[in-house]
Every structure is written in C-alpha cells, then in structure tokens.
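What follows is one structure encoded as structure tokens, with my remarks underneath.
The values are calculated or read from the model by the stated rules, or taken from the named source; none is laboratory data. A quick note: this is a predicted structure, and the numbers were derived from the prediction, not measured. Because the Cβ atoms are built from the backbone with ideal geometry, glycine has one as well, and the counts that use them run over all protein chains shown.
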Amino acid sequence: MYNAIDSKNISRRSIVGGIAAFGVYAFGRSARAAEIVPLAQRLAAYAAALRYEDLDATTIERVKSHVVDTLGCGIAAFDERPVRVCRDIAQSVQGAATIIGTTRKTSPDLAAFANGAAGRYYDLNDVYVGKVTSHPSDHIAPCIAVAETERATAHDLIVAIALAYEIDCRLVDTLDLSARGWDSPVFSLPAVALSAGKLMKLDEAKLTEAVNLAINDHISMGQTRTQVLSDWKGLADGEASRNAVFAALLARGGLTGPAPIFEGRLGLFKQVSGEANVDVEKFGGAGNPFRINRCGMKAYPAVIYTQTAIVAAIAVADEVAKGAPDKAAALEGISSIEIATSKRGLQQTGTGREKWTPATRDTADHSMPYITACAMFDGDITNDSYASAKLKDPRILAFMQKITVAEDPALTARVGGAVPTRITAIFADGQRVSREVNDIPGFSGKPMQRPDIDRKFRGNVGKRWPREKTDAVLRSLWALESTQDIGALLATLTV
C-alpha cells in the first residue's frame with residue numbers, strides 16, 4: 001500500500017520526522033517504519049522539488065494550450081448570471097489578484113473562485129478520464145491568481161499549472177470517488193493547495209500542512225451531479241480552489257492540519273475513497289511523462305460522455321435524412337433510438353427521469369437523450385442549445401421519449417483515451433442505422449493543436465473584441481513563458 005521513498009526525493013530527516021509525527025499506518029500490512037511516509041508529505045516533497053527545467057517542451061506547450069483554452073471559455077461565460085454573482089462577491093473584497101475580464105482586483109482565493117467559475121461554467125473546458133473524470137483546467141484560475149498576487153515569474157506559473165494537473169490526474173488514475181458518492185473537486189483540494197503553496201514558496205513541511213488543511217473540511221458530495229443539476233455543477237471546483245488557496249495561506253502562517261489526512265483512522269482513504277497505492281515516484285519529471293499531455297479539450301459545451309454521442313447522432317441523422325426534402329419529417333419517422341454508452345456514461349447522462357425532461361441548463365448538458373435529440377435535429381450543440389425556449393421545444397421533448405440509454409460493457413472497457421458511444425436509429429420495418437464513435441478531435445488521442453485552439457478561442461470571445469485585439473491577446477498568451485508581468489497580461493483581457 002505504501003512505497004519506499006527514494007532518499008534522493010525525501011531526506012532521511014524528513015522520513016524520520018514523518019514517522020515520529022504520524023506513526024505507522026499499515027492497515028494490517030507489515031511494513032518497516034523507515035519506509036512509511038504519509039502521502040501528503042510525499043506529494044509535498046514532489047511539489048517542492050519540481051522545477052521548470054523538469055518540464056519538456058511538449059509539456060510547456062500543453063500548459064499554454066490549456067491556458068488559452070480556459071481563458072477563452074471564461075470570457076465566453078462572462079455575462080452568465082451565476083458567473084456574474086461570483087464576480088460581484090469577489091469584487092466586494094480588495095486585493096492584488098485580477099478578476100479576469102475586468103480591471104478590478106480581489107484576494108487570491110476569491111479570484112480563484114470567480115475566475116474558476118467563469119472558466120468552468122459552460123462545461124466547455126478540458127477533461128481527464130481516469131477512474132472518474134475531472135476538469136484539471138479548473139486549477140488554472142487559482143494558479144494565475146496566486147502567481148499575480150505573489151509576483152511570481154511566468155516560469156513559476158507554468159510549473160504550478162503542470163503540478164496541479166499532475167496531482168489531480170494521478171489521483172484520478174488511482175481513486176474512484178464516485179463509487180462512494182463523492183465528487184471530483186475533492187482532487188482539486190490537494191492539487192491547488194500544492195500549486196498555490198509552491199507559488200508562495202512554502203517548504204515541504206508547510207506544503208504538507210496545506211494539503212492537510214485543504215482536504216479535511218471541504219469534501220464535495222456527488223449530489224452535485226445527481227438528479228436535477230443546479231448552478232453549483234459549474235461552481236463546485238471553483239469553490240474547492242478557493243478553499244485550497246486559503247489553506248495554503250493558513251499553512252504559510254504556520255497553522256497545522258489533521259494528519260495523516262489520507263491514511264489516518266478517519267482519513268480520506270477510510271472515509272471517502274478507499275485505500276490506494278499512489279506511486280509518487282512515477283509522477284511527471286525525471287523521464288516520466290506529465291499527465292497534462294493526456295488531457296483532452298472539448299469541442300462541444302456538454303459533459304464528456306456525450307461528446308462522441310454528438311458526432312454519432314449527427315452522422316445518424318444525416319444518413320436518415322439523406323435525399324429527404326424535410327430533415328425533421330425524416331427524423332420523426334424513426335420509431336426508436338438506442339444509445340449504448342459506458343457504465344459511467346449511463347450513470348452521468350442516462351439515469352433518472354429528469355434526464356428526459358431537463359428543466360435547467362445544467363441538467364440538459366448532462367442529459368444524453370436531450371443532447372442526442374438536439375444534435376440530430378440541429379446538426380450541432382452550442383450554448384444556444386440550452387436556451388429556455390429550447391428546453392421546452394415540444395418536438396425535441398417528444399423525440400426524446402423514443403430514446404433509451406444502456407451500458408455496453410465493451411464500451412466501458414474502452415474508456416480512457418476513448419469515451420465511446422454507439423447510436424442506433426430503428427424504424428418500424430426493422431431497418432437500423434447505426435454509428436459508433438470512439439473519440440473525436442480534442443480527445444487525448446487526437447489533441448487540438450494551435451490552429452484548433454485559436455479557432456475555439458475566437459469562437460468563444462466572439463464579438464467582444466476587434467480582431468486586432470484578439471490577435472494580440474493570442475500572441476501574448478502563446479508567449480506566456482516570456483511574460484514579464486502576469487498582471488499586465490491579465491489587464492489585456494478586459495471585456
């Protein structure tokens with residue numbers, strides 16, 4: 001369950017101190033005390049040791065790619081009511097961190113919350129698929145907020161973002177929170193606490209306390225993504241970031257937190273995730289690849305499990321309507337639609353009556369029946385797909401009643417780099433039209449490149465800026481590693 005710690009990564013003094021403080025936590029397995037170091041301390045040691053020189057050119061490019069994409073998503077959602085509420089609350093406090101899209105500044109934890117809410121709200125930012133799914137780009141906002149406040153260098157910021165991705169994704173690889181009813185923002189707590197603490201230049205001991213403090217009091221419930229989905233779906237990770245930044249500030253001040261936070265008798269392994277072996281020695285650096293390179297970017301504003309469904313649905317609709325004078329009439333001739341997805345896809349998008357009658361945007365963008373029906377009739381999914389009038393469209397609502405969603409274990413087995421879906425239209429005479437899609441451009445196997453990301457960014461910023469300003473902003477963001485003043489760069493993003 002635990003790994004021996006290489007003396008090159010953690011000093012003997014650290015190990016002995018860890019044992020003296022925390023004792024031996026072997027959960028019934030024999031282990032020598034000298035080999036036991038709590039996971040929070042091992043994560044802290046990794047964070048403290050990571051340097052810009054440890055990042056390869058591909059990883060630096062991916063960091064910049066996700067920064068560009070996330071900022072574009074945040075600017076797109078700038079005027080949405082929940083984002084506005086978060087921004088108004090942040091603006092009530094003075095500080096040194098920019099509220100992106102404005103000239104106002106607030107505290108780093110509230111900037112992490114408001115800016116994180118904007119980047120996440122449309123469900124158009126990035127995704128990582130492991131035992132559960134997460135959106136590690138949610139950690140970009142807190143890294144930017146703390147970097148600006150601490151007057152960190154651009155290299156420091158890039159390292160912090162790569163670190164946040166690494167911690168989040170490696171925990172997603174190992175722990176299945178959903179099996180016990182918890183939600184993925186739990187992973188944001190150690191990821192952001194460590195990246196924020198690193199930007200604050202905390203030592204290993206204080207980084208460990210930042211993790212302890214962040215995790216103990218801020219465990220996110222899976223109800224966020226169950227039944228009727230609320231505004232909180234798009235805000236939960238921003239709130240986790242706010243808590244994690246605050247925890248790092250507390251740790252810098254000298255406060256300690258409950259320990260060992262992962263392995264303790266009432267710690268995270270026991271209460272939340274189940275026991276796990278997190279092998280920190282395999283984390284990115286020293287020849288090991290960084291997980292940010294396995295993150296995808298969404299092409300459509302919808303939950304990841306519907307991304308391939310959208311492409312399959314459009315293909316089925318095009319085949320059904322081929323040569324027909326009226327596409328809608330041709331589609332209405334379908335007797336039933338069978339959607340095959342993964343186990344997690346079924347749980348997230350095809351379970352519960354509310355998925356067939358979505359009353360909110362947040363429920364609709366997690367509804368396989370709704371998204372499939374809209375994609376078939378409209379040939380696309382955009383933010384307009386969730387307008388109030390669209391949610392009440394009788395044609396869409398009636399068509400959804402023809403749709404069933406079920407797990408195909410063969411598709412479940414392929415989830416990882418792929419998130420497959422198969423859609424089959426069935427007619428009264430038994431004719432079937434079927435399409436199966438495993439992945440699409442933007443997924444980790446087909447990563448977006450600069451031209452793709454630029455197109456998405458331009459689509460997100462829309463008509464807010466003249467083309468000349470958009471061009472200039474993109475040039476600056478792609479040159480992030482050379483930026484001399486993070487605050488000055490953020491000032492160019494005013495809406």
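Data for the structure
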{"read-out": "Residue match in the range 430-448 (condition: at pLDDT below 95 and of a type in the set (K, R))", "value": "yes"}
{"read-out": "In the range 220-238, residue nearest to the chain's Cα centre (by Cα) [restricted to those that are in a helix (DSSP H, G or I) and hydrophobic (A, V, I, L, M, F, W, C)]", "value": "A236"}
{"read-out": "Conditions (1) closer than 22 Å to K446 by Cα; (2) modelled with pLDDT of 95 or more: number failed by S107", "value": "(1)"}
{"read-out": "Counted residues, the range 385-397 - those being within 26 Å of R344 (Cα to Cα) and out of contact with any Asp or Glu (no Cβ under 8 Å at 6 or more places or on another chain)", "value": "3"}
{"read-out": "Qualifying residues in the range 164-211 (those that are small (G, A, S) and either in contact with a Leu (Cβ under 6 Å, 6 or more places away or on another chain) or outside the structural domain of N277 (by TED's automatic domain parsing) (or both)) - the one surrounded by the most Cβ atoms within 10 Å (Cβ to Cβ)", "value": "S195"}
{"read-out": "Qualifying positions in the range 152-163 - surrounded by fewer than 24 Cβ atoms within 10 Å (Cβ to Cβ) and closer than 11 Å to M200 by Cβ", "value": "A152, D156"}
{"read-out": "The lone exception for A315 - which of (1) in a helix (DSSP H, G or I); (2) in the same structural domain as N125 (by TED's automatic domain parsing) it fails", "value": "(2)"}
{"read-out": "All positions within the range 283-296 that are surrounded by fewer than 13 Cβ atoms within 10 Å (Cβ to Cβ) and either under 19 Å from the mean Cα position of the chain (by Cα) or under 16 Å from Y165 (Cα atoms) (or both)", "value": "N288"}
{"read-out": "Number of the condition not met by A302 [criteria: (1) surrounded by 24 or more Cβ atoms within 10 Å (Cβ to Cβ); (2) modelled with pLDDT under 95; (3) more than 24 Å from N125 (Cβ to Cβ)]", "value": "(3)"}
{"read-out": "Selection from the range 250-275 of residues that are part of a helix (DSSP H, G or I) and either modelled with pLDDT under 95 or closer than 23 Å to D183 by Cβ (or both)", "value": "L268, F269, K270, Q271, V272, S273"}
{"read-out": "Residue under evaluation V129, criteria (1) over 16 Å from A236 (Cβ atoms); (2) modelled with pLDDT of 95 or more, criterion not met", "value": "(2)"}
{"read-out": "Lone qualifier among G18, G74, G28 - being buried (at least 22 other Cβ atoms within 10 Å of the Cβ) and at pLDDT below 95", "value": "G18"}
{"read-out": "Scan of the range 341-355 for residues that are touching a residue at least 60 places away in the same chain (Cβ under 8 Å) and either part of a helix (DSSP H, G or I) or buried (at least 23 other Cβ atoms within 10 Å of the Cβ) (or both), ordered by number", "value": "T341, S342, K343, R344, G345, L346, Q347, Q348, E354"}
{"read-out": "Helices (runs of 4 or more DSSP H) wholly inside the range 28-107 containing at least 3 residues that are among the hydroxyl-bearing types (S, T, Y)", "value": "57-76"}
{"read-out": "Subset of the range 119-137 (residues that are crowded, with 24+ Cβ neighbours inside 10 Å and over 18 Å from I453 (Cβ atoms))", "value": "Y121, V129, S134"}
{"read-out": "Test: residue in the range 335-345 that is assigned by TED's automatic domain parsing to the domain that holds D69 and over 21 Å from the mean Cα position of the chain (by Cα)", "value": "no"}
{"read-out": "Residue match in the range 326-337 (condition: in a helix (DSSP H, G or I), within 14 Å of L39 (Cα to Cα) and of a type in the set (D, E, K, R))", "value": "no"}
{"read-out": "Filter result for G257 (buried (at least 19 other Cβ atoms within 10 Å of the Cβ) and over 18 Å from S137 (Cβ atoms))", "value": "yes"}
{"read-out": "Residues of the range 405-442 that turn out to be exposed (fewer than 13 other Cβ atoms within 10 Å of the Cβ) and assigned to a strand (DSSP E or B), as a count", "value": "2"}
{"read-out": "Meets criteria (assigned to a loop (DSSP other than H, G, I, E, B), outside the structural domain of T103 (by TED's automatic domain parsing) and buried (at least 16 other Cβ atoms within 10 Å of the Cβ)) for L493", "value": "yes"}
{"read-out": "Selection within the range 86-99 - touching a residue at least 40 places away in the same chain (Cβ under 8 Å) and surrounded by fewer than 24 Cβ atoms within 10 Å (Cβ to Cβ)", "value": "G95, A96"}
